[in-house]
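Written out below as C-alpha cells is the structure these notes cover.
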Amino acid sequence: MKMRKTFGIIAALFMSFTLVIPAMAADTEKKEKKGQATTIFRMEIDCQSCVNNIEKNIPWEKGVTDMKCDIKTQTVEVTYKTSRTNDSTLIAAFKKLGKDAVVITEEQKNEVKEHDCSGHDHSHSH
Amino acid sequence: MKHIKLIFALIISTLINGAALYASSPVKGVVKDKDNNPVIGANVWWLGTNVGATTNTDGVFEIKPSENTEKLLVSYIGFSTDTILVTNPANYLDVVLGGEVALNEVVVSERKLSTLTSRIDPLQTQKITYDELCRAACCNLAESFETNPSVDVSYSDAATGARQIRLLGLAGTYVQMLTEQFPNLQGAASPFGLSYVPGPWMESIQVSKGTSSVKNGYEALTGQINIEYKKPQTSDPLSINLFGASTGRLEGNADANIKVNDKLATGLLLHYSREKEDHDSNDDGFLDMPKTEQFNGMNRWYYINGDYIFQALANVMHEKRESGQFSHDKSHPIVDPYKIGIETNRGFFFTKNGYIFNREKNTSMALLLSGSYHNQDSHFGRTIYDVNQKNIYANLIFETEFTPVHKISTGASFVYDHYKEKLGEAKAVGIENLKLLRNESVVGVYGQYTFTPSDKFTFLAGVRGDVHSEHGFFVTPRMHVKYSPFGDYLNLRASVGKGYRVANILVENSYLLASSRKMIFEKDLDPFESAWNYGASAHVTFPLFSRDLSIMLEWYYTDFQKQVVADMEDPQAVRFYNLDGRSYAQNAQIEVSYPFFRGFTLTGAFRWTDVKTTYDGELKQKPLTNEYKGLLTASYQTKLKKWQFDVTSQLNGKGRLPNPGPDPLWEENFPSFVTLNAQVTKYFRTWSIYVGGENLTGYKQKNTIIDAGNPWGEDSRFDGTMVWGPVHGAKFYVGVRWSIPKKD
C-alpha cells in the first residue's frame, strides 16, 4: 500500500510538472521579446541528418534564442537578438553547413502548410 | 534520378539552343508522382531566391522566370527535393517526384520522439533510437530498456550479476536476440549476453513483440530484439564517452569511423569497463554486485559499388566477474569463503553480401554468414561449470516485388552448433539425462508473402520448414495482418504464429548454481520447446490541441505445447522436467503518450501480466514474475536543445516467490515497489555532459541471499536466486560524450 502511495506522489509530481511548465513556456513563446527578431530561412533539407546538423550548429551561433527546423516546409525559423547577429551572419552560418539559405515570408512558408494535413505542429499564426 | 534529369535537361537545352529568355512569360509545368498522379500543393521555387509557387489541384504551377538562376527546386512532403535545370522557360516542365522518403519516422521541427512505433510495418515493432538511449545511463544493452514499458530487465541472482530480459512476462530465452539481423548472444552467451553490447556502440534497438518474421528462423516465441550498431558510413568520425558511477564503475568507450572513399568505410569501436569496489550494503558478507572487468573491441567494414553492398564485422570480448563472500575486516579473512568466478572469452564475426538486381521491383539477393566462439570457465563455490560453444550460421535471402501489391521473400538457412559443457561436483542428479557434448545442425527453407492491396491493408504470411539433426522436421507458420481504416489515425494489428526452441538447460539455468539447491534432471528430458503466440494491438493517434496524442493497446498470449519446466517448489532443489499440462503467458498493456508542450513529452504505461505453468500437476503462477508494471516517463528539452531533463518512475508489481517450505526462510510473496531514475544532460556544440541517479527512492530488497552465513555444509539453505528487487540503493553517475561531427 505504501508503494502505491509513493507511486501516486510521483505521478502527481509528473502531472504538476506538465501543468506548470507549459504555462511558463507559453508565456515566453507569446511575448516576442524586445530587441529580438524572427526570420524564416528556406533551404534544401533532404533528410533527418541535415536537420540534425542544423540543430547541432545553429543554436550555438551568437545571439540565437530559438530555432525551429522543419523538413516539410524546408524552412528553419530562427529567433535572435538583433544586437548580436543579423540575417546575413546567419546565412553565412548556414553556408558553412553547406546550405544556401534564403529569407522568405510567413505567407510563402504557409503556402505549403495549408496543404499539409498530417496534423503536426501548427504553431504559426494565421 | 536527379542526375539523369539534369543531364536530360541539359541535352534538351542544347538541342533547342537559341531560345531566348523571355522575362515576361512565366515558366509552367506539372508535378506528378511515380504513378502519374498530380502532386497537389508541391512547393516550387528558384534556388537562392524567395520567388516561389505552389502547384494547384491538377499539379500545375506557374512561376515567374528568374534572372539569377536556372535551378528550380520542387519539394513536397514525403519526397526528396528535386532540382530542375530550366534553360528554356518557354518549355512546359514535366516533373516526376521520385525518391520517396520513408515516412514511418516522425520528422518534425519539434523534438522527435525517441521511441518510434512504426506505422507501416505490419509487425508490432518499436524502435528505440540513439536519443532514447541517451536518456539514461545505458552502460550496456541490459540498461537500455529503463524507459521502455514493454521490456523488463532484472537480476536473475544476487551473486553473479546475470541480467535477464523479460518480454511479455517471459524469460529472455524466449526472445530472439539479433545484432544487425544476425542471431547473436544466444546459447552459452545468454546469461550475460546483455552486458556484451556497450551502450555507446548502439545506434538503435528494435523491439518486435509477438510472433515475428520467419526470415530469421523458427525461434522468437514471444518476440525479437534487434540491435543496430553504429555504422561507419553514417556515424561521426570520432566519438568518445567516459562514465563513472558511485558504485565504482568506470567506463570508457570510443569509436572512430573513416570513409576511405565513396565506396568504402570502416569503423573501430572500443570499450573498457571496470567495477572493482567491494560493496556490501546489506551486511550479509556477500558482495552486492560482482566485481567486473570487460574489454570489448569491434571492427566493421562497409563497401558499396553500384548495386552491390558488402558488410563485415568482427567482435572480440573478454570479461571477468568475481563475486561471493568477502571480509569487511581485512585483518580477519574468512576461512574458506564462498567465491564465484566467471571468465568469458567470446568472438563473433559476420559478413553480409547483398546485390540489388532491379531497383524498381526491389529485387535483391543477400547472403548472410556468421560465426561465433564462446568459452566460459566458471566456479560457483566448489562447483565448476565450463561451457564452450561454436556456432556457424548461413542465410540466403531472395526478395522481389511482382507489383507493389505482391511481394515475396524466400530463402534457405543452415545453422551448426557445437556445445561442450562440464559440471563438476555431484550436485546434479540425473546429469546423464543431458547431453554435455553435442553437435547440432539445422537446415531450413522459408517463404514469406506480403499482400498490400491498398495503403489501408497489409497481409503477411510466412512458413518455414526445418530439419534438426536431433529433433527432426518441423513446420513454422506465421501470419500478420495490419489494417488502417483512417490513415495514420488508427492502426490495427493482429498476429498468430508458432515458435520452437531447443533449451540449453544447463547454461540458461547456470545462475541457479549460486545456491545450495540440488539440480535434478528427469529421465528422458526433452529440451525441445514449442508454443503458439497470438497478439492483437490498436494504435490510435489523433490531434489534440494541435499535438498528437498517442494511445497504444496491446494483448499477447503465448501458449506452450512443449516446455522444459524449472520447478523450484522444493526449497532445497530445482527439478527439470517436461511440461505436462498447461503453460501460458498473457499480457495486456496500455501506453499513452502526449507532448504537452514544445520539447516535453510524457508517457505513461500499465501492463498486466499473467504467467502460469503446471508444476507437478498443479497450475500455478510463475514465481518471481511481477503481476503488473506501471511506468511514467517524462522528458523535457529546452528550445535550443541545450538542456535535457529526463525522469522515469517504475511501479513493479507484486508476485509470488517459490515455495519457501515448512521452515520458511523467505516470504511466500514479494511486495510491489517503486523505483525512480533521473538524468540531466547539458549539450555543447561538440560535447555533452550528463549527471543522473538510479533508484532514487532507495528501495532495497532485504535478505537477497538466503542463509548467507552458511553457504557450505549439509544443512545449508544458501540461495542467491530469490531476487525480485534492487540489490543496492541509490546510485549516482556522471558521464561525458564528445565527438567530432560528421561533415556531409
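Quick look at the numbers
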quantity: Flag for B:Gly729 being within 13 Å of another protein chain (Cβ to nearest Cβ) and closer than 23 Å to B:Ser144 by Cβ; calculated: no
quantity: Pick from the range B:310-359, criterion under 17 Å from B:Pro711 (Cβ atoms) and among the charged types (D, E, K, R), ranking: farthest from the chain's Cα centre (by Cα); calculated: B:Asp336
quantity: Test result for B:Lys702, in contact with a strand residue (DSSP E or B) (Cβ under 8 Å, 6 or more places away or on another chain) and more than 22 Å from B:Met519 (Cα to Cα); calculated: no
quantity: Options B:Glu203, B:Glu228: the member that is surrounded by fewer than 21 Cβ atoms within 10 Å (Cβ to Cβ) and modelled with pLDDT of 90 or more; calculated: B:Glu228
quantity: Filtered residue count, the range B:657-697, keeping only those that are on the phi > 0 side of the Ramachandran plot and at pLDDT 90 or above; calculated: 1
quantity: Verdict on B:Tyr584 being farther than 25 Å from B:Ile706 by Cα and either of a type in the set (Lys, Arg) or within 14 Å of chain A (Cβ to nearest Cβ) (or both); calculated: no
quantity: Residue tally, condition in contact with a helix residue (DSSP H, G or I) (Cβ under 9 Å, 6 or more places away or on another chain) and among the acidic types (Asp, Glu), over the range B:455-507; calculated: 1
quantity: Residues being in contact (Cβ under 8 Å) with a residue 60 or more places away in the chain, of a type outside the set (A, V, I, L, M, F, W, C) and buried (at least 21 other Cβ atoms within 10 Å of the Cβ) - total across the range B:718-736; calculated: 4
quantity: Residue list for the range B:269-283, restricted to those being touching a strand residue (DSSP E or B) at 6+ places or on another chain (Cβ under 7 Å) and surrounded by fewer than 15 Cβ atoms within 10 Å (Cβ to Cβ); calculated: B:Lys276
quantity: Where B:Trp712 falls short, out of the listed (1) surrounded by 17 or more Cβ atoms within 10 Å (Cβ to Cβ); (2) in contact (Cβ under 8 Å) with a residue 40 or more places away in the chain; (3) among the aromatic types (Phe, Trp, Tyr); calculated: (1)
quantity: From the options B:Val496, B:Val507, B:Val502, residue that is in the same structural domain as B:Ser409 (by TED's automatic domain parsing) and surrounded by fewer than 19 Cβ atoms within 10 Å (Cβ to Cβ); calculated: B:Val496
quantity: Of all residues making up the range B:238-258, the number that are of a type in the set (Gly, Ala, Ser), on the phi < 0 side of the Ramachandran plot and in a loop (DSSP other than H, G, I, E, B); calculated: 1
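A quick yes/no check of all residues on (1) part of a strand (DSSP E or B); (2) farther than 19 Å from B:Arg249 by Cα; (3) touching a helix residue (DSSP H, G or I) at 6+ places or on another chain (Cβ under 7 Å):
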residue	(1), (2), (3)
B:Glu277	no, no, no
B:Phe295	yes, no, no
B:His318	yes, no, no
B:Lys330	no, yes, no
B:Val335	no, yes, no
B:Gly347	yes, yes, no
B:Glu360	no, yes, no
B:Gly371	yes, yes, no
B:His379	yes, yes, no
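The values are calculated or read from the model by the stated rules, or taken from the named source; none is laboratory data. Since we're looking at a predicted model, the values are computed, not measured. Every residue, glycine as well, gets a Cβ built from its backbone with ideal geometry; the counts of neighbours run over all protein chains shown.
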